[in-house]
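A.B. asks: I have a structure here, written as structure tokens, and I will follow up with some questions on it.
The values are calculated or read from the model by the stated rules, or taken from the named source; none is laboratory data. Here the structure is a predicted model, which means the values were calculated and not measured. Glycine gets a Cβ as well: all are built from the backbone with ideal geometry, and neighbour counts include every protein chain shown.
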Amino acid sequence: MSTQHGDTVTADGNPSTRLLSPVTLGRGLAVIRILLGLTYLFNGLAKVFDVRSINFLGFRASLIGREDPAGIMQSQGLESNGGEGTALPLIQDITRFMLDNYDVVKWVLTGAELIAGILLVLGLASRLGALIAFLLAIYVQALYYSSGVWLFEEPLIWVPLLLLAIVASGRVWGLDAKPAAARLERERGTWPF
């Protein structure tokens with residue numbers, strides 16, 4: 001429950017029994033938003049520059065380069081070439097279309113990752129950025145539907161993105177804050193909804 005102006009979250013409706021302040025909640029969601037934004041931004045940049053690995057001061061990691069998604073879609077999305085593929089027929093059709101047009105799809109994918117990453121990191125139109133990233137992630141979830149991957153591997157990405165698409169997380173540490181503050185002043189609504 002919250003007070004009339006939404007300034008506290010309480011267990012029993014008593015303002016003195018604060019469980020979590022909206023400021024703390026907003027900061028937590030902003031951290032998740034920025035982390036996921038950086039993930040999509042770096043993967044988009046990896047595709048622009050076709051970088052598959054980084055080595056910085058002893059830290060080594062891999063990224064998904066420009067051509068890597070085609071290999072993933074081929075091995076996980078189709079029941080051909082000895083792979084089991086996904087058990088979802090619609091996803092097989094979408095994957096076939098994307099592979100047949102991969103010369104264009106790779107740039108659309110790159111652009112979508114860059115846009116989603118930039119919007120999430122900046123907290124600008126953060127719900128739109130989260131929605132774009134969510135759609136990319138839910139496709140991967142469907143692609144891996146019957147592949148035997150770890151049960152929680154993909155939901156660890158798309159569930160927070162779905163939450164960020166619902167909640168206006170860009171109002172804390174983001175550029176969505178200024179328009180939101182003006183609108184809240186007019187409507188006297190409660191953050192984060």
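A.B. asks: Within the stretch 41-62, track down each residue that is within 21 Å of Ala116 (Cα to Cα) and touching a strand residue (DSSP E or B) at 6+ places or on another chain (Cβ under 8 Å).
C.D. replies: Arg52, Ser62
A.B. asks: Now a separate question. Is there any pair linking a residue in the stretch 147-168 that is touching a residue at least 40 places away in the same chain (Cβ under 8 Å) and within 14 Å of Gln76 (Cβ to Cβ) to one that is among the hydroxyl-bearing types (Ser, Thr, Tyr) and part of a loop (DSSP other than H, G, I, E, B), with Cβ under 9 Å and at least six apart or on different chains, and which?
C.D. replies: Ser147/Thr86
A.B. asks: Return the residues of the stretch 28-75 that are over 28 Å from Phe97 (Cβ atoms), among the basic types (Lys, Arg) and surrounded by 14 or more Cβ atoms within 10 Å (Cβ to Cβ); say none if nothing qualifies.
C.D. replies: Scanning the stretch 28-75 gives a single hit, Arg33.
Quick grid of which residues meet (1) at pLDDT 90 or above; (2) in contact with a Leu (Cβ under 9 Å, 6 or more places away or on another chain):
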site	(1), (2)
Thr86	no, yes
Met98	yes, yes
Ile115	yes, yes
Ile118	yes, yes
Phe134	yes, yes
Ala137	yes, yes
Val140	yes, no
Tyr144	no, no
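A.B. asks: Where in the stretch 72-154 are the helices (runs of 4 or more DSSP H), entirely inside, with at least 3 residues that are within 14 Å of the chain's Cα centre (by Cα)?
C.D. replies: The helices (runs of 4 or more DSSP H) meeting that bar are 102-122, 126-143.
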